[in-house]
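Before any comments, here is the structure.
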Amino acid sequence: RPPTLRPKMSLRRQFSQNPPPPLRTGSETEEPLEKASQWARAPHEWITQRVDIVRGFVASDLSDYVMRFSMLLLGAYTLYLAWCESCKADYLAYLAGVGEALLDFVTLTRGSLSGATVAVCLSVWLLTVRWMRRPAPIYLIDFKTYRHCGVDGGDRDSTAGVPASQERFMAESRAALNRFGEPCFTEKSIEFQEKIMKTSGISEMSIFPESILPKTGQNPLGKDAEVLGLSMKGAREEAEAMMCKTVADLLAATGTAAEDIGIVIVNCSLFCPTPSLSAMLVNRFGFRSDVQTFNLGGMGSRSPEIARDRPRSP
């Protein structure tokens with residue numbers, strides 16, 4: 001795309017000798033006078049604002065800087081101790097001793113102190129790696145579900161959605177039309193829906209999103225069903241209404257701040273939009289910028305176990 005349409009960045013280009021090619025105006029098409037490849041090959045000077053560097057240091061973890069600084073000091077101290085112009089013979093003897101120790105370890109030489117030292121060091125290293133890579137324990141602190149205010153035990157603040165009987169749901173399915181005025185569902189699809197409604201245990205007071213079933217007193221979607229309800233817009237409104245209320249209740253019940261969350265896993269088998277549902281939650285609740293987000297979809301009944309085990313992965 002032309003350079004003038006690029007998004008803003010804190011790391012900016014300063015065009016002193018090679019400004020971006022101008023665009024044509026008027027009725028002509030907006031094409032650069034200079035080819036994009038020619039402009040990209042031209043030398044440019046990158047300028048970083050001082051405030052960006054300071055912001056990067058402030059946002060980093062202090063313990064990380066202490067660890068890195070300690071490693072640099074240790075490396076410099078090691079070089080200081082090893083620096084000796086007249087110690088060449090000692091270094092050769094040291095390397096020969098290390099080689100002998102490795103040889104004793106490989107050849108299973110009994111009674112060799114150097115071979116035993118290599119085995120102990122290797123065991124300590126493997127145990128350390130094993131300890132660092134152990135699965136993280138997962139605890140269920142609390143859980144919340146969305147319960148509509150119209151059902152027993154429901155939250156009075158949970159007003160999104162409409163309790164509807166199976167008969168009303170099937171009536172809406174039969175009346176749903178696409179933008180061409182044709183039924184959204186065939187007779188075979190309607191029969192399949194009826195079969196699922198009867199065998200899946202869906203009660204007569206199940207909650208349906210308003211994008212599918214309008215509230216009582218409103219006109220059914222009918223000819224607007226495909227545009228208003230059976231669309232990406234309707235599905236995202238349903239996910240936002242249910243998920244955001246549930247996450248807010250969970251954070252409030254556990255007394256957890258959004259900044260304390262390190263990983264967010266969203267599991268939805270059928271609806272996998274872009275931007276993802278996990279990104280929707282991050283933006284809504286203001287999770288920190290380095291939070292790990294995972295959006296699982298299309299996995300059916302195995303998805304809860306996969307979502308539960310995902311934090312165990314290193």
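The values are calculated or read from the model by the stated rules, or taken from the named source; none is laboratory data. The shown structure was predicted, so the numbers you read here are calculated from the model rather than taken from an experiment. Because the Cβ atoms are built from the backbone with ideal geometry, glycine has one as well, and the counts that use them run over all protein chains shown. We work out accessible area using only protein heavy atoms, side chains counted, and drop any ligands, DNA or RNA first. Shrake-Rupley method; radii C 1.70, N 1.55, O 1.52, S 1.80 Å.
How many residues does the range 267-289 hold that are in contact (Cβ under 8 Å) with a residue 12 or more places away in the chain, open to solvent by 50 Å² or more (accessible area, probe 1.4 Å) and among the β-branched types (Val, Ile, Thr)?
Result for the range 267-289: 0.
Would you confirm, using the coordinates I've provided, whether Ala171 is out of contact with any Ser or Thr (no Cβ under 7 Å at 6 or more places or on another chain), loosely packed, with under 15 Cβ neighbours inside 10 Å and of a type in the set (A, V, I, L, M, F, W, C)? Break it down into steps so the answer makes sense when it comes.
Numbers: out of contact with any Ser or Thr (no Cβ under 7 Å at 6 or more places or on another chain): yes; loosely packed, with under 15 Cβ neighbours inside 10 Å: yes; of a type in the set (A, V, I, L, M, F, W, C): yes.
It is true that Ala171 is out of contact with any Ser or Thr (no Cβ under 7 Å at 6 or more places or on another chain), loosely packed, with under 15 Cβ neighbours inside 10 Å and of a type in the set (A, V, I, L, M, F, W, C).
Return yes or no: is Arg179 within 34 Å of the chain's Cα centre (by Cα) and farther than 12 Å from Phe208 by Cβ?
Against the criterion (within 34 Å of the chain's Cα centre (by Cα) and farther than 12 Å from Phe208 by Cβ), Arg179 does not qualify.
Can you give me the number of residues within the range 137-181 that are in contact with a Leu (Cβ under 6 Å, 6 or more places away or on another chain) and either closer than 18 Å to Leu250 by Cβ or basic (Lys, Arg) (or both)?
1
Could you grab me the full set of residues in the range 123-147 that are modelled with pLDDT of 85 or more, part of a helix (DSSP H, G or I) and either open to solvent by 70 Å² or more (accessible area, probe 1.4 Å) or of a type in the set (Lys, Arg) (or both)?
Listed by number, the residues that qualify are Val124, Trp125, Leu126, Leu127, Thr128, Arg130, Trp131.
Would you point out which residue out of Asp309, Asp260 is modelled with pLDDT of 85 or more, out of contact with any helix residue (DSSP H, G or I) (no Cβ under 8 Å at 6 or more places or on another chain), surrounded by fewer than 15 Cβ atoms within 10 Å (Cβ to Cβ) and farther than 23 Å from Gly161 by Cβ?
Asp260
Between a residue in the range 73-95 that is under 22 Å from Ser114 (Cα atoms) and open to solvent by 70 Å² or more (accessible area, probe 1.4 Å) and any residue that is at pLDDT below 80 and part of a loop (DSSP other than H, G, I, E, B), which pairs come within a Cβ distance under 8 Å, given they are 6 or more apart or on different chains?
Between residues of the range 73-95 that are under 22 Å from Ser114 (Cα atoms) and open to solvent by 70 Å² or more (accessible area, probe 1.4 Å) and residues that are at pLDDT below 80 and part of a loop (DSSP other than H, G, I, E, B), the close pairs are Asp90/Cys84.
Exactly one condition in (1) modelled with pLDDT under 80; (2) open to solvent by 30 Å² or more (accessible area, probe 1.4 Å); (3) closer than 27 Å to Ala279 by Cα is not met by Ser211; state its number.
(2)
Applying the selection to the range 179-194, what residues are at pLDDT below 90 and among the small types (Gly, Ala, Ser)?
Gly181 - this is the single residue of the range 179-194 that is at pLDDT below 90 and among the small types (Gly, Ala, Ser).
If you take the residues in the range 174-207 that are of a type in the set (S, T, N, Q) and over 30 Å from Lys144 (Cα atoms), which one is most open to solvent (accessible area, probe 1.4 Å)?
My answer is Thr186.
Out of (1) at pLDDT below 80; (2) in contact with a helix residue (DSSP H, G or I) (Cβ under 7 Å, 6 or more places away or on another chain), the odd one out for Met197 is which?
(1)
Just to be sure before I move on: is Arg110 at pLDDT 80 or above, loosely packed, with under 10 Cβ neighbours inside 10 Å and outside any loop (DSSP other than H, G, I, E, B) in the structure I sent?
It is false that Arg110 is at pLDDT 80 or above, loosely packed, with under 10 Cβ neighbours inside 10 Å and outside any loop (DSSP other than H, G, I, E, B).
Under 9 Å by Cβ, and 6 or more places apart or on different chains, what pairs join a residue from the range 124-138 that is closer than 17 Å to Arg312 by Cβ and touching a residue at least 24 places away in the same chain (Cβ under 8 Å) with one that is surrounded by 10 or more Cβ atoms within 10 Å (Cβ to Cβ) and of a type in the set (Asp, Glu)?
If the second residue must be surrounded by 10 or more Cβ atoms within 10 Å (Cβ to Cβ) and of a type in the set (Asp, Glu), the pairs left are Pro135/Asp309; Ile138/Asp309.
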